[in-house]
Amino acid sequence: MATAPGEAPGQALAEAIRLFDVPAADVAPLLAAHDAVCRDDGLRRWVAAAAGPLRAAMGHPSPGPALDRRPDAPTDVARYLPVLVLADVLPDMRAHHRSLGVAQDVTAATLADVGRMLARNRVWEGEPGLGDELAGWLTRHLHGALFQIGRLQYERVILGEGLGAELRMSGFPCGPGDLTLNLHVPETGARLDPEAVGASLTAARTFFRRRFRDERPVGMTCHSWLLDPRLADHLPADSNVVAFQRRFALGPPRAEDGDLSVRKFVFGDTTTPVRSLPQRTRLEKAVVRHLRTGGHWQVRSGWLPAG
């Protein structure tokens, strides 16, 4: 793994563990995987080769490069190879943020998503490390396409033919090849209250105007089960989720499986029978009530002005 001049490999990884906010349960196996890679020339070359495209894409919008197929390696090592690739690119990403004048708290919040995905992998996959889905999600953080600003994350995206055409047909003023800011709601444990969302949107508009002076996003988009308007039928009028979705102009339902998306993000569980799902919060109760009465959830696209 690459290190800064005069910096020991262990120091570089320790800094990555801190900035990624790696959960305590993952620290020891990550260190063991790092030691295994350092002892294996083939694995070292693979990490370097996988990190190369991320460095080359530094500063470019999504879609960015995907991680290469993992080499044959012991399972306990292979599970952590994506984290070691991200750690290898980390110095370049931090240098890129500094060149843009990105505040340290924005960099730290953005990088902490690595730790959240390690925790999520244990829930979704029932095993440590990073699976392909979550590892692929995190590449955009490390090549400078995504920033967390306050309560929300913002991803600079060049719309492809499929999604661009879909949004245009939905009546949104964009199409293939246009740059948008795609909004994501990280699971930070903080409430999605209107004040925090409003402050994030205001700060983000200033951030992208100042840090990317040559870019003109045509708008902000969001693609989520959170935008299913039927949530308003099951949640109180003062619900933070309802307030969030009311900010957006909504498109028609997307082809994605909304039930699967809700189950993954609300419960972290796609297999438990609906009748056995927990109902601890208003949102959980709303989701289960709708499913138990034969209803289904949808993923919707939403639109906000960029300025």
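With loop defined by DSSP as not H, G, I, E or B, and exposure as at most 16 other Cβ atoms within 10 Å, which is the longest segment of the chain clear of exposed GluC sites (Glu not before Pro)?
By the stated rule (loop sites, at most 16 other Cβ atoms within 10 Å), 8-124.
Charges only on Cβ, +1 for Lys and Arg, -1 for Asp and Glu: so what's the dipole of the chain about the Cα centre, in debye to the nearest 20?
Charge dipole, the chain, about its Cα centre: 900 debye, nearest 20.
Quick query: amide H of Ser62 versus all other amide H atoms, modeled in the peptide plane; which residues come in under 5 Å with a sequence gap of 5 or more or a different chain?
For Ser62, the qualifying residues are Arg156, Val157, Ile158.
Starting from the Cα of Glu133, move 7 Å in the Cα-to-Cβ direction to define the label point; list residues of region 237-267 whose amide nitrogen is under 20 Å from there.
Hits in region 237-267 for Glu133 at 20 Å: 254-267.
Give me the percent of Cα-Cα pairs in the chain that sit more than 24 Å apart, rounded to a whole number.
Details: 26318 of 46971 pairs.
Roughly 56 percent, once rounded to a whole number.
Provide the FRET efficiency to the nearest 0.05 for the Asp76-Arg292 pair, computing r from the beta carbons and using R0 = 41 Å.
Between Asp76 and Arg292 the formula returns 0.55.
In whole Hz and in residue order, list the ³J(HN,Hα) couplings for region 267-280 that follow from phi through the Karplus curve 6.51 cos²θ - 1.76 cosθ + 1.60, θ = phi - 60°; x for Gly and Pro.
Couplings: 10, x, 8, 10, 10, 4, x, 3, 4, 9, 5, x, 9, 8 Hz.
In Å, what Rg and Dmax follow from the Cα atoms of region 221-307?
13.0, 45
With each run of n ≥ 4 DSSP H residues scored as -39500 (n - 2.57), what mean residue ellipticity at 222 nm is computed for the chain after dividing by its residue count and rounding to the nearest 500 deg cm²/dmol?
Working: 13 runs with 147 residues, N = 307.
Computed ellipticity for the chain at 222 nm equals -14500 deg cm²/dmol.
Arg79's amide H: which non-local residues (gap 5+, or another chain) put their own amide H closer than 5 Å, with H modeled 1.01 Å from N in plane and none for Pro or chain starts?
none
DSSP loop trypsin sites (Lys or Arg not before Pro) in region 34-73 with at most 13 other Cβ atoms within 10 Å of their Cβ, which ones?
Arg39, Arg69
With a cut-off of at most 11 other beta carbons within 10 Å, and DSSP calling the residue loop, which trypsin sites (Lys or Arg not before Pro) in region 118-218 qualify? Please list them.
Details: sites: Arg120, Arg122, Arg140, Arg151, Arg156, Arg168, Arg191, Arg205, Arg209, Arg210, Arg211, Arg213; in loops: Arg151, Arg191, Arg213.
Listed in order of number, the matching sites are Arg191, Arg213.
Of Leu100, Leu86, Leu226, which is the most mobile in a GNM of the chain whose springs link Cα atoms less than 10 angstrom apart?
Result for the chain, Cα springs under 10 Å: Leu100 fluctuates most.
No lab work stands behind these numbers, since they all come straight from the coordinates. Fair warning: this is a prediction, and the values are worked out from it, not measured in the lab. For neighbour counting, all protein chains shown are included, and Cβ atoms are generated from backbone atoms with ideal geometry for every residue, glycine included.
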